[in-house]
There are 2 protein chains.
Amino acid sequence: MPVNKPVSRILQYRNCLLKFRSLGFKKVFSYNLGEEAGVSPEQVRKDFSTFGIKGRKKGGYFINELVGTINELFNSNQSQQIIVVGMGNIGQALTQYINNDESYVRIIAAFDINPVKLRMKFIIPVYPVSELGEFVKKEKIKIAVLAVPDIAAQEMCNKLIESGIYGILNFTPLILKVPDNVIVSNVNIQNEIEELIYLVNFKK
Amino acid sequence: MPVNKPVSRILQYRNCLLKFRSLGFKKVFSYNLGEEAGVSPEQVRKDFSTFGIKGRKKGGYFINELVGTINELFNSNQSQQIIVVGMGNIGQALTQYINNDESYVRIIAAFDINPVKLRMKFIIPVYPVSELGEFVKKEKIKIAVLAVPDIAAQEMCNKLIESGIYGILNFTPLILKVPDNVIVSNVNIQNEIEELIYLVNFKK
DNA sequence: TAGATTGTTAATCGATTAACAATC
DNA sequence: TAGATTGTTAATCGATTAACAATC
């Protein structure tokens, strides 16, 4: 559920550019990127225009240059540190998943209310929720992954915001109530599957 | 990335209704649902209208009735069987996650090209990809979760479609090329996080 | 130069919101 | 009845697409 379409498409373009580069290409045209990203060439150019990205008339875009520009735009050169709250099934899986690949994003700590989790061994340290505020302030964390049980979602969300978090990747099925300056991105896999089932069975 | 907004909102409304019901409520008004789902009351009524769902003027909607209607609409009373392709980190995690809760959806089998995976013990049987077509036909599977390495994504996607799959929940970062009658829903957690980081750091 | 591609403005399309009649 | 809420039609808004001048 992309919060901002041009932003999410720019990230998609970067994925495509990396793929093109790995295939040995040096430059691309808007229709190459459009094809690969599943959008029209006009959309690609429009998005670039939105972000002030320039190509060369007739010459397309140099892949290296373009990737660099996007990385600068997203500050992707310096690694980004985030945390996860809730070390159940999803919390654990996401931590592995995100910290496993060669991305700029790192989950550097987890928080849980369950004392059992604190004693367990994970690939990142797990702290009690009571230490959340202090940690977020000290490490200047801005983004958190929320993977707690439904019943605790809104309460933990409030605690995150109190602690200084401004962006939440919400894996609970609830729509969180947050102030305007906080951004929430919802990932609801259950609903995605049910939607697919519906569309496949009942629509064209 | 919801493929169809009214559909995904209807599913969100159902989540909200279940929450209301668990709190002891018997009926709701469009503004209750809107508040809980994070949309306007007009949006709620419009969506209901799209799906032919009727309330009672001045009387709102009975929760039990409404949940029943939505379940019928989505065929959610009979359990839905799907498969997962790729039993790496995400594949395993998703399988646990989806099969763990009290949902209507079940992942009934996994497929992998890695012979090591075939010998491992999971909560569902794991078969070689060579048996995909036969299995899909025999069990009349329509939906698959794609969780293979990037490099294998498009190829495995093609194989799924050949085998008779019409809906794909795509966890790879690639945009898959599929015919018009196949529906793909993309879940790109990496991009979601980067988008959050961008929006938090650079926008309002 | 001719042809191809960019970047941007204008037109179109679709989705959301506002308005309001129906009615309980 | 008066007030509140639904259901739908019309108006608005925003996003996508089309068109095209600039230019390499």
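We did not get these values from a lab; they are worked out from the coordinates using the rules stated. It should be emphasised that the depicted structure is a prediction, and the values quoted were computed from it without experimental measurement. Every residue, glycine as well, gets a Cβ built from its backbone with ideal geometry; the counts of neighbours run over all protein chains shown.
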Filtering trypsin sites (Lys or Arg not before Pro) in segment B:66-128 by DSSP loop and by at most 12 other Cβ atoms within 10 Å leaves B:121
Quick one: work out the % antiparallel among DSSP beta bridges in chain A, nearest 5. 15
For chain B, what Kirkwood radius comes out of the mean inverse Cα-Cα distance, in Å? 19.2
Residue among A:189, A:135, A:79 farthest towards the positive dipole end of chain A, charges placed on Cβ: A:79
Could you give the C-alpha radius of gyration of segment A:80-191 expressed as a fraction of 2.2 N^0.38 Å, taking N as the number of residues it contains? 0.97
Antiparallel %, DSSP beta bridges [both residues in the protein assembly as shown], to 5: 15
Check each of the GluC sites (Glu not before Pro) in segment A:48-102 and keep only those in coil by DSSP with at most 11 other C-beta atoms within 10 angstrom; list them in order. A:102
If Lys and Arg each add +1 and Asp and Glu each add -1, what is the summed charge of the other residues whose beta carbon sits under 14 Å from the beta carbon of residue B:71? -2
Given Cβ point charges of +1 (Lys, Arg) and -1 (Asp, Glu) and nothing else, what value in debye, to the nearest 20, does the dipole of chain A about its Cα centre take? 900
Assigned charges on the beta-carbon of Lys, Arg, Asp, Glu; the protein assembly as shown dipole about Cα centre (debye): 780
What is the distance in Å between the Cα centroid of segment B:55-86 and that of segment A:1-38? 37
FRET E, pair residue B:158, residue A:182, Förster distance 41 Å, beta-carbon r, rounded to 0.05: 0.50
Net charge, residue A:187 excluded, C-beta distance under 12 Å - Lys, Arg +1, Asp, Glu -1: -3
Relative to chain B, whose Cα atoms define the longest principal axis, helix B:89-100 and its Cα axis are tilted in degrees, nearest 10, by 50
Summing -39500 (n - 2.57) over every DSSP H run of at least 4 in the protein assembly as shown, dividing by its residue total and rounding to the nearest 500, the 222 nm mean residue ellipticity is -15000 deg cm²/dmol
Quick one: P(r) of segment B:5-73 from all Cα-Cα pairs, 10 Å bins, percents rounded to integers, in order of increasing distance. 22, 65, 13
Candidates B:81, B:154, B:43; GNM for chain B (alpha-carbon contacts under 10 Å) flags as most fluctuating B:43
How would you rank B:95, B:69, going from fewest to most other Cβ atoms within 10 Å of each one's own Cβ? B:69, B:95
In degrees from 0 to 90, rounded to the nearest 10, what is the angle of the helix A:5-22 Cα long axis to the longest principal axis of chain A? 70
Across segment B:60-204, how many lysine pairs separated by 8 or more positions, or lying on different chains, have Cα atoms within less than 29 Å? 20
Within segment A:5-73, how many Lys pairs sit with Cα atoms under 19 Å apart, leaving out pairs fewer than 8 places apart on the same chain? 12
Average other protein chain Cβ within 10 Å of Cβ, residues A:32-45: 1
